[in-house]
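Trainee: Here it is: the structure, laid out below.
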Amino acid sequence: MLRIFLLFTLFYSFSSHAETMPYTTQIRGKLDRVVDGDTIRIQGYKDSFRLYGINAIEVNQTCISHHGNGERKEINYGRVATEFLKKEILHDDMDTIITCDFNATGYYQRPLATCYAQNQIYKKLNLNKLMVFRGRAFADHKYAKDREYLALEAIAKKNNWGMWRGNMRCKR
């Protein structure tokens, strides 16, 4: 009887793992979709995972680009950031595996995580730092404990990458 109980418990814990995971450890799974520039979903998990230490422009938020001739152009940089993240980790339907290490729970009780992509191109690409380094997200100056995010943002600004290009300014 004890053997049956243990087998049932073991089976039940594996089959319901995605629904009951407390997010206090590392998870691994196939990428389901990119929600926006700082949020992803992983197959088999009901929650979306917010990338820790960064803040991307919201999907419908725009940035203003000022050109030398006085022309102003609005750019939906939230969509640009989302598409950049999709392109970087999906690469024409590769089987991208995402591994996330949990840092905390966010304002809306979503898990905050440092996530890495692995596929035929990348062995362990830190998505959080990639977004800041390429100028697709801000470093979270208030909550990020890893000072490298601030350094990566400074490099992106200095090199005019992404939203830091030219005279483009995005509001936080």
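Trainee: Across the stretch 69-102, which residue is nearest to the chain's Cα centre (by Cα) among those that are part of a loop (DSSP other than H, G, I, E, B) and touching a residue at least 60 places away in the same chain (Cβ under 8 Å)?
Mentor: Out of the qualifying residues, it is T96.
Trainee: So which residues in the stretch 134-172 are in contact with a Leu (Cβ under 8 Å, 6 or more places away or on another chain), within 22 Å of N60 (Cα to Cα) and either part of a strand (DSSP E or B) or not aliphatic (A, V, I, L, M) (or both)?
Mentor: Passing the criteria: R136, A139.
Trainee: Now a separate question. Considering only the stretch 27-51, state which residues are surrounded by fewer than 18 Cβ atoms within 10 Å (Cβ to Cβ), in contact with a strand residue (DSSP E or B) (Cβ under 7 Å, 6 or more places away or on another chain) and farther than 25 Å from Q61 by Cβ.
Mentor: R28, G29, K30, Q43, G44
Trainee: Of these, T105, T114, which one is modelled with pLDDT under 85 and either of a type outside the set (A, V, I, L, M) or over 17 Å from the mean Cα position of the chain (by Cα) (or both)?
Mentor: Answer to the check: T105.
Trainee: Please find, among R110, R79, the residue that is under 19 Å from I40 (Cα atoms) and surrounded by fewer than 16 Cβ atoms within 10 Å (Cβ to Cβ).
Mentor: Going through R110, R79 in turn, just one is under 19 Å from I40 (Cα atoms) and surrounded by fewer than 16 Cβ atoms within 10 Å (Cβ to Cβ): R110.
Trainee: Right, next: Among residues belonging to the stretch 113-172 that are under 25 Å from S48 (Cα atoms) and among the aromatic types (F, W, Y), point out the one that is surrounded by the most Cβ atoms within 10 Å (Cβ to Cβ).
Mentor: Here the answer is Y149.
Trainee: In the stretch 120-142, what residues are under 10 Å from the mean Cα position of the chain (by Cα) and polar (S, T, N, Q)?
Mentor: Residues satisfying the conditions are N126, N128.
The values are calculated or read from the model by the stated rules, or taken from the named source; none is laboratory data. These numbers were taken from a predicted model, which means no experiment stands behind them. As a convention, Cβ positions derive from the backbone with ideal geometry for all residues, glycine included, and neighbour counts pool all protein chains shown.
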